[in-house]
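So the structure is just underneath, and the comments pick up after that.
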Amino acid sequence: MLKVGLTGGIGAGKSEVSRLLVEHGAVLIDADRIAREVVAPGTPGLAAVVEAFGPDVLAGDGSLDRPKLGSIVFADPDKLAVLNSIVHPLVGARSRELEESAAEDAVVVHDVPLLAENGLAPLYDLVIVVDAAPETQLDRLVRLRGMTEEDARARMAAQATREKRREIADVVIDNDVPLEELRKRVDQVWGDLVRRTRSV
């Protein structure tokens, strides 16, 4: 089994790269998706978040109001740290379960947005960083995700710098390119991952 950490700044196109890797046969463990699962209605995770931040972070249907919580934590590093201390251990435990259920010869890709910020690179055999220029990230967040420029800049500022992410990278995938170019680059990376799997 080859354990790959996949990360990139918000709006860099990490989800597109993970989708292409899955097309090739990678087993994807998506930390964001798991992070939503562990705070779903009725979970101990959601109860802990409500205890920490109050019932105002709940939507009318009892689910977590993610935009509301985001506006609180991304403006205050201490509150973000509190949220992370609740969610990260739960995500870690679920990720380990999924990894243990993968085949022995699998390429297991952990899609981890905050890999650099949380010093997680040593957990993986290889780290792939999806990289894009800040102006590209900003454009995608505003144009494709409908964020205000202010909110987009705040989200970007809350993450590691581009330089810090590149420092931990074994492989950098440049995503300031058209989709066809990105696909070719991912094809090359996949070939390398398969070769590495055979030597692990």
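The values are calculated or read from the model by the stated rules, or taken from the named source; none is laboratory data. Just so it is clear, the structure is predicted and the values come from calculations on it, not from any experiment. Cβ coordinates were reconstructed from backbone atoms using ideal geometry, including for glycine residues, and neighbour counts include every protein chain displayed. SASA here: full protein model, heavy atoms, side chains in, ligands and nucleic acids out. Shrake-Rupley method; radii C 1.70, N 1.55, O 1.52, S 1.80 Å.
Some notes on this structure:
- Phi to ³J(HN,Hα) by Karplus 6.51 cos²θ - 1.76 cosθ + 1.60 over the stretch 22-28, Hz, x for Gly, Pro: 5, 4, 6, x, 5, 8, 9
- Charge tally in the Cβ shell below 11 Å around Arg19, where Lys, Arg are +1 and Asp, Glu are -1, Arg19 excluded: -2
- Full-stretch length increase - Ser15, Gln188 - with 0.36 nm per residue and alpha-carbon distance subtracted: 60.5 nm
- Helix 179-199 axis versus longest C-alpha principal axis of the chain: approximately 70°, rounded to the nearest ten.
- Mean separation of Cα contacts under 8 Å (6+ apart) over length of the stretch 62-174, as relative contact order %: 31 percent
- Remark: the Lys79-Glu23 segment gains 16.4 nm on full extension, using 0.36 nm per residue and subtracting the alpha carbon distance.
- Probe 1.4 Å, accessible area per residue of the stretch 49-89, Å²: 58 Å²
- Amide proton proximity set for Val130, modelled H, under 5 Å, gap of 5+: Thr7, Gly8, Ile173
- Placed amide H near Leu114: partners under 5 Å, 5+ positions off or other chain: none
- Glu117/Asp139 FRET efficiency (R0 25 Å; Cβ-Cβ; nearest 0.05): 0.65
- For the residue pairs Lys3/Lys79; Lys3/Lys164; Lys68/Lys164, alpha carbon separations beyond 25 Å are given by Lys3/Lys79; Lys68/Lys164.
- Note that the stretch 136-147 has calculated 3J(HN,Hα) couplings of 5, 4, 4, 4, 5, 5, 6, 6, 9, 9, x, 6 Hz, one per residue in order, obtained from phi through the Karplus relation 6.51 cos²θ - 1.76 cosθ + 1.60 (θ = phi - 60°); glycine and proline are x.
- Normalised contact order of the chain, rounded percent, pairs of Cα under 8 Å and 6 or more residues apart: 38 percent
- Its DSSP H runs of at least 4 residues, each contributing -39,500 (n - 2.57), put the calculated 222 nm mean residue ellipticity of the chain at -16500 deg cm²/dmol, to the nearest 500.
- Debye equation applied to the C-alpha atoms of the stretch 10-100, log10 I(q)/I(0) at 0.11, 0.14, 0.19, 0.24 Å⁻¹: -0.37, -0.59, -0.96, -1.22
- In terms of the mean number of neighbouring beta-carbon atoms within 10 Å, the peptides 18-25, 77-84 order highest first as 18-25, 77-84.
- Cβ charges +1 (Lys, Arg) and -1 (Asp, Glu), total dipole of the stretch 35-84, debye: 100 debye
- Answer label, with Rg and Dmax of the Cα atoms in Å calculated from the coordinates and candidates (1) 17.3, 52; (2) 18.0, 64; (3) 18.0, 54: (1)
- Magnitude of the charge dipole, the chain, Cβ model with Lys/Arg +1 and Asp/Glu -1, debye to 20: 140 debye
- A simple charge model with +1 on the Cβ of Lys and Arg, -1 on the Cβ of Asp and Glu and nothing else charged puts the dipole of the stretch 1-115 at about 180 debye relative to its Cα centre.
- Within the chain, percent of DSSP bridges classed antiparallel, to nearest 5: 5 percent
- ³J(HN,Hα), Karplus 6.51/-1.76/1.60, whole Hz, each residue of the stretch 148-156, x for Gly, Pro: 6, 4, 4, 5, 4, 5, 5, 5, 5
- Cut-off 19 Å, label 7 Å out along Cα→Cβ of Glu97, residues of the stretch 1-42 by amide N: 27-42
- Amide H partners (placed H, <5 Å) of Ile29, local residues excluded: Val109, His110, Asp111
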